[in-house]
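The structure appears right after this line, and notes come after that.
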Amino acid sequence: MTKTPARLRVAPSPTGDPHVGTAYMSLFNLAYARATGGAFVLRIEDTDRARYRADSEQQIFDTLHWLGLDWSEGPDIGGPYAPYRQSERLDTYRPFADQLIADGHAYYCWCSTERLAELRAEQQASKASVTGYDRLCYGKTREERAALPGFSETPVVRMLIPDDAPLTFTDVIRGEVNAPRPDDQVILKADGFPTYHLAVVVDDHLMGITHVVRGEEWISSTPKHVLLYQWLGLEAPAFAHMPLLRNTDKSKISKRKNPAARLTWFAEQGYLPEALRNFLQLMAYPPVHEGTDVASFDDFVAAFDWAKVNTTGPIFDLTKLGALNGDYIRSLSADELADRVLAHATTYGQWTAPSEQDVALLRAAVPLVQERLVLLSEAVPKLAYLFTSDADLVIDPAGISKAGADASTVVSTAITALTELDDWTHQAIHEALGAALVEGLGIKPKFAFGPVRLAITGSLVSPPLFESMELLGRDSSLARLEKLAGLL
Ligand code: GLU
């Protein structure tokens, strides 16, 4: 089946740290653009100057690139419909507002913010059945309106929502959707900036967007957009409203309540971008391959179908994401994993300027923890004993009390066996200690190797012991055993 190339966009507002929902929307928009051989556009919707944050736009670029959700047109790279930043398109919107006024679909409103606040308070107090703007300005000239209280010099422009405004629309995912009756929405603000509603319709039209895929929270806005398309004589795009991501307690994921709502949080924590991307593919969408949650983005795209989207808000379960992250960590080569751990540790402050020697040791040591990592950030703490000097290594006092009655004999016997050992490899170390402690002293492996582990790593629980000793070398291993001997 050949599909018509679709044009989709994600249109985040730069109002702070990018939200995980922006990545989620980008993923589904990009998937359908790819599936149809179309285009994925990034548009920055920065018309809300009160909520604008200067560094937010760069964070949007960085986090989406980090996830591999790349656009082919956008403010940073341009494209045939540039500019892609709404604040640079202000001249574009005004003529559309003028046309709506000339055609009687929109009107000027001079009501001051104080009057609007009073009106809202009155409506709330009287539990009025009809809420929203009371159309005081509708049909009045500036002079007529100026004679009344609550007048402000610079007007806004409002939509004149007709009584018979259509309140249903067809959604690609949901079928027929009902939405509440809109208020006389402001489309042009007093500062000359369009509101989201006018800008989104004008830009989606001018940029040739065929499918508007966005979060469920925009369903109530869609009737306004449908009206604007009708009034302006434009063909409306298809609409698809994705469900909202939920916390395990079913509440909506919000940046105020949940650190995981911030996209930058995932990189800080040490999640791999491919694991997070894979996880988002599973939000309200079934696994691509039977029996596993793991699937590449290409495979997701190849089988992509809107009909598979479930409208129930999917649970964003960090435990599940952690398991997937572990799967991806295990699938990396040791060298790739070492590169990722190093980049993470130096970017987020676990390590500052590591020496060449430390980097080489990290490369050699990463296989020791690869099987057990959930997050990249766990590697450096788990391997810290290798990067600590023998003198500075702290031996867990609880470990000393649990080391067993034979600990002292074990440690001195181990020292003798290791001093005599020719071949310093983990296999030879294992064999020599097995022969001296388990066979020679007749002690169970747990009590035979436990004190050695405690000496070498500072803890009774650690990454593989004999490999650690090989990496530390004979001198350091013996020095650590001597140190523990002195404490027992
Ligand atoms: N600027 C809106 C947002 O921040 C875009 C909504 C839409 O996709 O229409 O989510």
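Tabulated values for the structure
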{"quantity": "For a label point 7 Å along the Cα-to-beta-carbon line of residue 117, residues of the stretch 172-210 with backbone N under 11 Å", "calculated": "none"}
{"quantity": "Euclidean distance between Cα centres, the stretch 190-215 to the stretch 278-313, Å", "calculated": "28"}
{"quantity": "Förster radius 51 Å - calculated FRET efficiency between residue 331 and residue 181, Cβ distance, rounded to 0.05", "calculated": "0.50"}
{"quantity": "Set of lysines near residue 446 by C-alpha distance (under 20 Å), chain-local residues within fewer than 8 positions excluded", "calculated": "402"}
{"quantity": "Local electrostatic count, residue 334, Cβ distance below 12 Å [Lys/Arg +1, Asp/Glu -1]", "calculated": "-1"}
{"quantity": "Considering only the chain, percent of DSSP beta bridges that pair antiparallel, nearest 5", "calculated": "50"}
{"quantity": "Overall Cα dimensions of the stretch 1-109, principal axis frame, Å, largest first", "calculated": "44, 40, 23"}
{"quantity": "Cys residues of the chain counted as unpaired, since no other Cys beta-carbon is under 4.7 Å", "calculated": "111"}
{"quantity": "Difference of contour (0.36 nm per residue) and Cα-Cα distance, residue 416 to residue 165", "calculated": "81.3 nm"}
{"quantity": "Taking all pairs of distinct alpha-carbon atoms in the stretch 371-454, Kirkwood radius in angstrom", "calculated": "14.4"}
{"quantity": "Sequence of 135, 174 once ranked by neighbouring C-beta atoms within 10 Å, starting from the fewest", "calculated": "135, 174"}
{"quantity": "For the chain: relative contact order, % (alpha-carbon pairs under 8 angstrom, 6 or more apart)", "calculated": "12"}
{"quantity": "Linear extension gain, residue 141 paired with residue 191, 0.36 nm per residue minus alpha-carbon span", "calculated": "16.0 nm"}
{"quantity": "Mean shadow area of the stretch 143-252 over all directions, Cα convex hull, nm²", "calculated": "9.9"}
{"quantity": "Calculated over the stretch 422-468: convex hull of Cα atoms, volume per residue (Å³)", "calculated": "67"}
{"quantity": "Distance from the stretch 341-362 to the stretch 1-43 (C-alpha centre basis), Å", "calculated": "35"}
{"quantity": "Helical mean residue ellipticity (222 nm; -39500 (n - 2.57) per DSSP H run of 4+; nearest 500) of the chain", "calculated": "-13000 deg cm²/dmol"}
{"quantity": "Whole-number Å³ per residue for the convex hull built on Cα positions in the chain", "calculated": "205"}
{"quantity": "Between the stretch 387-455 and the stretch 85-122, the alpha-carbon center distance in angstrom", "calculated": "78"}
{"quantity": "Equivalent ellipsoid semi-axes, the stretch 349-488, via Cα gyration tensor eigenvalues times 5, rooted, Å", "calculated": "25, 16, 14"}
{"quantity": "Label point distance in nm, residue 312-residue 257, each placed 7 Å from Cα along Cα→Cβ", "calculated": "1.9"}
{"quantity": "Nonlocal amide H pairs with residue 172, under 5 Å, H built at 1.01 Å", "calculated": "239, 240, 241"}
{"quantity": "Restricting the stretch 8-73 to trypsin sites (Lys or Arg not before Pro) in coil, as DSSP defines it, with at most 14 other Cβ within 10 Å", "calculated": "49, 51, 53"}
{"quantity": "GluC sites (Glu not before Pro) restricted to the stretch 211-270 and DSSP loop, no more than 14 other C-beta within 10 Å", "calculated": "235"}
{"quantity": "Cα convex hull of the stretch 208-283, projected area averaged across orientations, nm²", "calculated": "6.9"}
{"quantity": "Estimated distance in nm for a label pair at residue 427 and residue 346, the labels positioned 7 Å out from Cα along Cα-to-Cβ", "calculated": "3.5"}
{"quantity": "Sequence-distant lysines (8 or more away, or on other chains) whose Cα lies within less than 24 Å of residue 3", "calculated": "308"}
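All of the numbers you see were taken from the coordinates with simple rules; none came from a lab. Here the structure is a predicted model, which is why all the values come from computation and not from measurement. A quick note on method: Cβ atoms are made from the backbone with ideal geometry, for glycine too, and the neighbour counts reach across all protein chains shown.
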